[in-house]
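The values are calculated or read from the model by the stated rules, or taken from the named source; none is laboratory data. None of these values were measured; they are calculated from a predicted model. Here Cβ is always computed from backbone atoms with ideal geometry, including for glycine, and neighbour counts include all displayed protein chains.
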Amino acid sequence: MEQQIKRSLDGLYDLLEKEILCYRRLIHVLKKKSEGLRKGSVHALIQAVEEMDSTREDILRIGLQIQESIGEVLDMSGAERGDRTLSSLLAVLPSASHRQLKSYQRNLFQLKEWARQINDQNRLFIQESLAYVNEFISLLTQPVSEFQGYHQTGRQTPPACYPLSLDREV
């Protein structure tokens, strides 16, 4: 029984290594996406999105395999099969396996956090760019109104309506 658990753990460690590589690849692709956004390169953005989709699928596939592997080890150790997480597995493993599994868990957490931060930066850049474009377009499409304030005579004049199209003369 101990030998089966050791083989299952070795398989789990291999899967965790693959997941770590996928997250590193995702971080690399997110950085390429950042560069594409800043340069305004549509080709680079399309390529980055395709790579992100592929990497996301790999992460999901490996994640399912990891859950199955955790379930196998939990079954072999006689523990309840409720949660299939690394934390639930740590609760039933001997301390010798703790260090290695805890190292994987910490590494994955750091990579996920780094990917989230880069993705948040990209999202913020896109939101700010869209706000800038919307402001620019509103300047072009909305009529300019005069300053709404009080005049010396106490009367307020209605704002002048300007045409929506721009005067092309300079």
Legend entry - Test: residue in region 1-8 that is modelled with pLDDT under 95 and either under 30 Å from Glu128 (Cα atoms) or outside any helix (DSSP H, G or I) (or both): yes
Inset, instruction - Show the residue pairs that are 6+ apart or on different chains and have beta-carbon atoms under 7 Å apart, the first residue being within region 9-26 and at negative phi and in a helix (DSSP H, G or I), the second being among the basic types (Lys, Arg) and modelled with pLDDT of 95 or more. - result: Tyr23/Lys112
Legend entry - Test result for Ser41, within 17 Å of Ile126 (Cα to Cα), surrounded by fewer than 16 Cβ atoms within 10 Å (Cβ to Cβ) and not hydrophobic (A, V, I, L, M, F, W, C): yes
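Let's see how each residue does on (1) modelled with pLDDT of 65 or more; (2) touching a Leu at 6+ places or on another chain (Cβ under 9 Å); (3) of a type in the set (S, T, N, Q):
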position	(1), (2), (3)
Ala96	yes, no, no
Arg99	yes, no, no
Glu113	yes, no, no
Gln117	yes, no, yes
Gln142	yes, yes, yes
Thr157	no, no, yes
Cys161	no, no, no
Val170	no, no, no
Inset, instruction - Can you work out which of the residues in region 27-42 that are touching a residue at least 60 places away in the same chain (Cβ under 8 Å) and in contact with a helix residue (DSSP H, G or I) (Cβ under 7 Å, 6 or more places away or on another chain) is nearest to Ile62 (Cα to Cα)? - result: Ile27
Legend entry - Hey, Ser138 of a type in the set (Ser, Thr, Tyr), modelled with pLDDT of 90 or more and either part of a helix (DSSP H, G or I) or within 22 Å of Val29 (Cα to Cα) (or both) or not: no
Inset, instruction - Please work out which residue is farthest from the chain's Cα centre (by Cα), limiting yourself to region 51-81 and to residues that are within 30 Å of Leu30 (Cα to Cα) and among the basic types (Lys, Arg). - result: Arg61
Inset, instruction - Any chance you could count how many residues in region 103-116 are in contact with a helix residue (DSSP H, G or I) (Cβ under 7 Å, 6 or more places away or on another chain) and without any contact (Cβ under 8 Å) to a residue 40 or more places away in the chain? - result: 1
